[in-house]
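**Student:** Below you'll find the structure I mean.
The values are calculated or read from the model by the stated rules, or taken from the named source; none is laboratory data. Since the structure is predicted, the reported quantities are computational estimates derived from the model, not experimental observations. Note: ideal-geometry Cβ built from the backbone for every residue, glycine included; neighbour counts use all protein chains shown.
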Amino acid sequence: MPTDFSDYTGLIPAGTIALLQTQVRPGDGVDGILKRTRNGDAQGLDFVLALLDTPHAKSKLFWFALVEGETDGQKSVIERNFGMLKKIIDSAKFLDPNDRSPEARAKRTVNWRDFNNVIFLGEIGIEEGKDGFPDKNILAKVITRDMPQWNGRPPIEQITDATGAPQTPASSAAPQAPAPIPKPPWA
């Protein structure tokens with residue numbers, strides 16, 4: 001029986017809700033974790049986001065989250081990215097986004113490397129291709145427990161280190177040399 005491939009795009013359908021795990025690709029910027037832009041005038045986190053569930057498990061999205069820059073345009077993008085990064089923490093740590101308690105503030109105080117190997121709930125979107133590039137999947141939205149898409153889920157279980165201890169943000173004690181970023185199991 002013939003199959004019509006005319007409408008096949010190879011993209012994950014927009015609106016797909018999935019668990020995503022981050023991998024931060026090390027860079028040449030701050031602490032060896034931030035990556036400099038081509039012009040060298042800004043820095044960001046270079047994310048690979050792997051889908052952990054849905055029929056699209058093991059598919060990957062890529063996101064360069066600008067976090068340092070000086071121009072007005074860069075500052076606008078940074079403001080949006082900080083909002084997404086806060087939501088990633090809230091989703092991963094099952095925090096109420098409106099909780100401003102000292103305990104919640106402490107859980108949201110992280111180093112850039114703490115974004116590696118974080119599991120959160122997100123919605124996939126499709127960005128229209130530009131300048132001859134094809135359409136691509138993007139992280140459209142981070143889902144937090146106060147959103148209807150959370151749908152009563154329990155807290156998301158995070159990965160653990162080799163000893164079985166939960167992965168936690170670096171200690172605020174004396175600064176130490178940054179530990180290498182481990183390769184996630186799905187890579």
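**Student:** Considering 159, 119, 143, 138, which residue is within 16 Å of residue 62 (Cβ to Cβ) and either at pLDDT 80 or above or among the aliphatic types (A, V, I, L, M) (or both)?
**Tutor:** 138
**Student:** Test residue 86 against the stated conditions and say whether it is loosely packed, with under 13 Cβ neighbours inside 10 Å and basic (Lys, Arg).
**Tutor:** It is false that residue 86 is loosely packed, with under 13 Cβ neighbours inside 10 Å and basic (Lys, Arg).
**Student:** Further question on the same structure: So residue 65 ticks every box in (1) in a strand (DSSP E or B); (2) more than 21 Å from residue 126 (Cβ to Cβ); (3) free of Cβ contacts under 8 Å to residues at least 24 places away in the same chain but one. Which box is left unticked?
**Tutor:** (2)
**Student:** Residue 95 fails exactly one of the following numbered conditions: (1) surrounded by 20 or more Cβ atoms within 10 Å (Cβ to Cβ); (2) closer than 23 Å to residue 31 by Cα. What is the number of that condition?
**Tutor:** (2)
**Student:** Here is a follow-up. Filter region 1-38 down to the residues that are at pLDDT below 90 and either under 21 Å from residue 119 (Cα atoms) or polar (S, T, N, Q) (or both) and list them by number.
**Tutor:** Listed by number, the residues that qualify are 3, 6, 9.
**Student:** I'd like the full set of residues that are part of a helix (DSSP H, G or I) and more than 26 Å from residue 28 (Cα to Cα), limited to region 104-159.
**Tutor:** Scanning region 104-159 gives 104, 105, 106, 107, 148, 149, 150.
**Student:** If you take the residues in region 1-58 that are within 17 Å of the chain's Cα centre (by Cα), small (Gly, Ala, Ser) and not in a loop (DSSP other than H, G, I, E, B), which one is surrounded by the fewest Cβ atoms within 10 Å (Cβ to Cβ)?
**Tutor:** The qualifying residue surrounded by the fewest Cβ atoms within 10 Å (Cβ to Cβ) is 50.
**Student:** So which of 100, 105, 80 ends up being of a type in the set (D, E, K, R), at pLDDT 95 or above and closer than 25 Å to residue 11 by Cβ?
**Tutor:** 80
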